[in-house]
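Quick notes on the structure that follows.
The values are calculated or read from the model by the stated rules, or taken from the named source; none is laboratory data. Every value quoted in this text rests on a predicted model; they were computed, and no experiment measured them. Positions of Cβ are generated from backbone atoms using ideal geometry, with glycine treated the same way; all protein chains shown enter the neighbour counts. These accessible areas exclude ligands, DNA and RNA; they are computed on the full protein's heavy atoms, side chains included. Shrake-Rupley method; radii C 1.70, N 1.55, O 1.52, S 1.80 Å.
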Amino acid sequence: MKPHNSTFHTTRRAFNRLDRSPLWLALALLLAPPAFAGSPAPEDLPDWSFCRPLQYLPFYRPDLPQSGDRQQSPVDIAADDFQIGEDGSYTLRGSGELTRADQFLAAPVLRYYQSPARFEAPEGLQYQDRALLIEAQSASGDLVADRTRLEGLRYQLLELRGNGVAAAASLEGERSALESVTYTTCDPDSETWQFRAENILLDTSTGIGKARNARLELGGVPVFYLPYVSFPIDDQRRSGFLYPGVGSGNSNGLDLRLPYYLNLAPNYDATLTARSLGRRGLMLGGEFRYLGRNFSGSVEADWLPNDDVSGRDRGAVRYRHNGRINQNWTVGADLNHVSDDRYFEDFGDSLTSISTTLLESQAGLFGQGSLWRASAVVRDFQLVDPLIPDSAAPFQQLPQARFAYALPLGPIRLGLDSELVAFGHDERDAGQRYDLRPWLRMPIERAYGFVRPEISWRHTGYRLERGFLDSLPERTPERSLPILSLDSGLVFERPARLFGQNLLQTLEPRAYYLRAPYRDQDALPLFDTQELSFSFAQLFRSNRFTGADRQMDANQLTLAVGSRFFDADDGRERLAASIGQIRYFDPPRVGLTPGQVPLDRDASPFVGEISVNISERFSAGIGSQWDNDARRTDLSAVRAQYRFGDGGVANLSYRFRRTGGVPVEQVDSTWLVPVSPAWRLLGRWNYSIADRSTIEAFAGLQWESCCVAVRVLGRHYVRNREGEKNNALYVEIELKGLGRFGRDSEELLQRAILGYSR
């Protein structure tokens, strides 16, 4: 048969006929190359904003669809010349193109031979789909053996910006082998880092890739070598080593972490971590996670045998569980334990963990319906402050049961709040306590204001162990009293102009009357009750104590007024100010401990708050308590935040509180300064004015390019309650599209710098 020029466009019917021919096997093979990488979730993609626009391989076609059903889509074939040889061979010449859904293949010459079934593209081929570009200098394949060979390979991963070359690639069934492979996410002409391997084997049936004689190069210099490494090539979870962590500090020395992930089953897994602490020894850690249809949980543990510094075994364990029994009932547990009261000082990585005094564990049953709430919780506490004796630890709750019910009857609401607790303690006498508070409310809510009257009766009773008879007159004391409150407020509005903006101003006066008769409570024990710190919210509370062991007496009226300014266009609050005070008609008499009497005064300190949001960039706030009787400030807090540039932020705050001992007075400043698109400076200085000492200070810099990000941070902070200091160094390197190495400082920065973003 003489060759002739023709252009083929397959319809659905023509596609079905072609699908049955041996030629289609070759085309299908070429249209389905192995996946070099899975498609990541959008939130997992690195920041490529520092990169130049992606320089695609020359044959890239931006007009291809980004989706489509490949199995159901027809194949379009186009060529300048289509030849059918007398030996039954097929040849496409001159701009031969095959297109199906998002897939595109082009070859100057494509030949297919029927006997034996094989194909070749001697002058090269080009392939494109939604995630991948491949260009090869030549290609050939044996369809009987299901084998394909590509020579002189270049590739690009479109979503990950990955690119590289391979001397050759062999595809046999579900296995692919690549020789002399490189991979990087850097721009082709500025490869800051590059991964090289002598050969890589990809097995799509197992989802595992294996590389031999692999090395990582930074700036062309090899920095890491692995004779053998395996890695996943799809999004399935698999066992293997995770990226290591590196850090340094005075207390522990050089800190190296090497985690290993165990994919045990689809619904549970584990991570084992070997942590080398230069001054202390080898710490072993692990985390086990599980997930069910209606429950989930985890177990975390760390163990350091024979700490070289303290000379004893150290460790910690935490168990968390959450589950749903049915629509109304759930269970939850959070159990914690550490080996000693210095554990957080030596191994904690934040001021929050270092200042931990109590470690709480709890497990409970929780229920909720449209009109009721119920719970039964067991709580235990571990004292982790070496300066506090064990006898001062809180009482265990074995258990604490609560039930609350609210029934609407037209404008009236009837309800009951109840609690039953069995207390326990390792070194002190304990007992049981019940607390009942039935109440009646008749709230009136309107757009211009509200009135919320409430009357309740609080009855509390105890059954104490015999040891209490040495300090209390009886084992079953009780307390009962009525509580009456009336909360009311009005809202006035008017247009206003402030900061050059059209605003809506409100004026919101509020009055809260509280009446609770005095009851002598010196005969009642103290299990879980403490006095609350005075604040603006406490102006409108019915009790200044937590827990049920004390109920304050009151014949008082709170008067407060607030004003807010809202943007007339978008409704955002621009400024808010409020001030209030309690006026005592009868001075309070109930104290926390027997013989303790509150100050005899006619009024509480004034409490004021101001918050300002002038623009999207600047905000500030002020809080203050002024004791008019003593003519002094009891509390003062000032904060300000300014956002600038591209992600820049500066925070400044001042805190002062007068306590029974030495006043607490601190200043705290944090900043994140973008010096240029690639460089950012960051730092914090938290200083105690009262102690004339730095609590925490750190400073560092971040540098980011198209494919590399580096963060270096030096930190100086208080490591224990005696005021001893520690110095630490954080170094973190991210090779975008490959992984992150070093000591993670993300949590530290998010906690310390308000408004921080990576």
Task: Amide proton proximity set for Gln556, modelled H, under 5 Å, gap of 5+ - done: Leu514, Phe585
Task: Euclidean distance between Cα centres, the stretch 469-511 to the stretch 211-282, Å - done: 55
TODO: Work out the charge dipole of the stretch 63-188 with +1 on the Cβ of Lys and Arg and -1 on the Cβ of Asp and Glu about the Cα centre, then indicate which of Gly173, Tyr90, Leu64 is farthest towards its positive end.
DONE: Gly173
Open item on the list: If I take R0 = 25 Å and measure r between the Cβ atoms of Gln750 and Leu420 in this structure, what FRET efficiency does the formula 1/(1 + (r/R0)^6) give, to the nearest 0.05?
Closed with: 0.05
Open item on the list: Given points 7 Å out from each Cα along the Cα-Cβ axis, report the Ala404 to Val675 separation in nanometres with one decimal.
Closed with: 5.3
Open item on the list: Under a Cβ-only charge scheme (Lys and Arg +1, Asp and Glu -1), can you give me the dipole magnitude of the stretch 613-758 about the Cα centre, in debye to the nearest 20?
Closed with: 80
Open item on the list: Order 340-346, 104-110, 364-370, 575-581 from most to least packed using the mean count of other Cβ atoms within 10 Å.
Closed with: 104-110, 340-346, 575-581, 364-370
Task: Dipole-positive endmost among Phe644, Pro674, Gly621 within the stretch 592-690 (Cβ charges, Cα centre) - done: Pro674
- [ ] Work out the length of the dipole vector of the chain about its Cα centre, built from +1 on the beta-carbon of each Lys and Arg and -1 on the beta-carbon of each Asp and Glu, and round it to the nearest 20 debye.
- [x] 1300
Task: Length-normalised contact order for the stretch 649-720 - Cα pairs under 8 Å, 6+ apart - percent - done: 21
TODO: Only loop residues by DSSP count here, and only those with at most 13 other Cβ atoms within 10 Å; note down the GluC sites (Glu not before Pro) in the stretch 698-729 that meet that.
DONE: Glu722, Glu724
TODO: Using the heavy atoms of the protein chains and a 1.4 angstrom probe, tell me the accessible area per residue for the stretch 635-726 in square angstrom.
DONE: 48
- [ ] Count neighbours as other Cβ atoms within 10 Å of each site's Cβ, and list the GluC sites (Glu not before Pro) in the stretch 559-642 that are DSSP loop with at most 13 such neighbours.
- [x] Glu616
Open item on the list: Once neighbouring chains are kept in place and the probe is 1.4 Å, which whole percent of the accessible area of the chain is contributed by carbon and sulfur?
Closed with: 55
Open item on the list: Could you tell me the relative contact order of the chain? Use alpha-carbon pairs under 8 Å, at least six residues apart, and round to a whole percent.
Closed with: 6
Task: Extension gain from Arg494 to Glu445, taking 0.36 nm per residue of separation minus the Cα-Cα distance - done: 15.6 nm
Task: Within the stretch 306-336, backbone nitrogen closer than 17 Å to the virtual label 7 Å beyond the Cα of Arg237 toward Cβ - done: 320-322
Task: Stretch gain in nm, segment Ser705-Trp48, where the contour uses 0.36 nm per residue and the Cα spacing is subtracted - done: 235.7 nm
Open item on the list: I need the peptides 253-265, 515-527, 116-128 ranked by packing, meaning the mean over residues of other C-beta atoms within 10 angstrom, with the highest value on top.
Closed with: 116-128, 515-527, 253-265
Task: Packing-based order for 168-181, 625-638, 401-414, using average beta carbon neighbours within 10 Å, highest first - done: 168-181, 625-638, 401-414
Task: Three-way shape label, the stretch 97-254, alpha-carbon gyration tensor, a/c 1.5 - done: prolate
Task: Sum of -39500 (n - 2.57) over DSSP H runs of 4+, divided by residues of the chain (222 nm, nearest 500) - done: -1000 deg cm²/dmol
Task: Within the stretch 598-666: Cβ-based charge dipole about Cα centre, in debye rounded to nearest 20 (Lys, Arg +1; Asp, Glu -1) - done: 200
Task: Inter-probe distance in nm under a simple model that places probes 7 Å from Cα toward Cβ, at Gln382 and Arg643 - done: 4.1
Task: Added length on full extension, which subtracts the Cα-Cα distance from 0.36 nm per residue, Ser115 to Ile325 - done: 69.0 nm
Task: Dipole of the stretch 200-303, positive direction: furthest Cα of Phe224, Gly207, Ser239, with charges on the beta-carbon - done: Phe224
Task: chymotrypsin sites (Phe, Trp or Tyr not before Pro) restricted to DSSP loop in the stretch 539-619 with at most 15 other C-beta within 10 Å - done: Phe585
